[in-house]
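What follows is one structure encoded as structure tokens, with my remarks underneath.
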Amino acid sequence: MLLASNLSFKRSNRIIFENLNISLSPGNGIQIIGRNGIGKTTLIKILSSILYPSTGEIFWKGKNIHKNLDKFFYDLSVIMDLNTGKKDLTIIENINFWKSLFSSSITEKEIDSILDLLNLQYLKNTKVKYLSFGEKRKLEISRLVIERKTLWIFDEPFLGLDKNSMDIFIETIKNHLKDNGMIIFASHHNIEVPNLNLIDLEN
């Protein structure tokens, strides 16, 4: 379970948000909504331990994440607006790198299924620097399945995806929640996913 207590964040004496409490249990998700510039990405970064809050604490499995970063990161996958694929490596080389880095048990057959599903199979030996923005985002999404972490946190995950890829990603989210995974994401898109709660930073 993830718990956040009394979170606030100030930038240049401006309060971005304050007195925010969050509770997330297995099989559930949270979508953060609000207009551009209201602090969605800031909150995502705080919950991912990329930024520190001005006040408040965040707990993962009962322990403060900043005092137990190794255990927190062991269970966490993060996707931000910047892609992490190495530009001079091919799609399959990036996947194999992630597989090795996270000691993933994913099989070659499962990798091929992911590439087929995302329509990337014919590009598997193409270097990332030659991919379109949408193709790079699909490769980034594949990292969630490869890493096999419990908690997924992402910012604007549907950016650059076509309708088919969005549908596939939404089904992936549903399956992750069915397996008692957890998700937190910021997005303008309204998606229909069971056990999804909203945090509206406008309020």
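The table that follows gives values for the structure above.
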quantity: Exclusive hit being closer than 25 Å to residue 42 by Cβ and basic (Lys, Arg), set 163, 149, 99, 87; calculated: 149
quantity: The listed residue being among the basic types (Lys, Arg), over 21 Å from the mean Cα position of the chain (by Cα) and modelled with pLDDT of 90 or more, out of 136, 87, 124, 99; calculated: 124
quantity: Scope region 71-121; condition touching a residue at least 60 places away in the same chain (Cβ under 8 Å) and not hydroxyl-bearing (Ser, Thr, Tyr); matching residues; calculated: 75, 76, 78, 79, 80, 81
quantity: Near pairs, Cβ below 8 angstrom, 6+ apart or cross-chain, from region 175-203 (surrounded by fewer than 17 Cβ atoms within 10 Å (Cβ to Cβ)) to any residue that is assigned to a loop (DSSP other than H, G, I, E, B) and among the aliphatic types (A, V, I, L, M); calculated: 202/38
quantity: Among the residues listed as 3, 20, the single one being closer than 24 Å to residue 195 by Cα, in contact (Cβ under 8 Å) with a residue 24 or more places away in the chain and surrounded by 18 or more Cβ atoms within 10 Å (Cβ to Cβ); calculated: 20
quantity: Matching residues, region 122-161, being touching a residue at least 12 places away in the same chain (Cβ under 8 Å), part of a helix (DSSP H, G or I) and either touching a strand residue (DSSP E or B) at 6+ places or on another chain (Cβ under 6 Å) or surrounded by fewer than 17 Cβ atoms within 10 Å (Cβ to Cβ) (or both); calculated: 129, 133, 134, 140, 144, 147
quantity: Sole exception among (1) exposed (fewer than 15 other Cβ atoms within 10 Å of the Cβ); (2) under 28 Å from residue 172 (Cβ atoms) for residue 66, by number; calculated: (2)
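The values are calculated or read from the model by the stated rules, or taken from the named source; none is laboratory data. Since the model is a prediction, treat every value here as computed from it, not as a measurement. Reconstructed Cβ throughout: ideal geometry from the backbone, glycine too, with neighbour counts over all protein chains shown.
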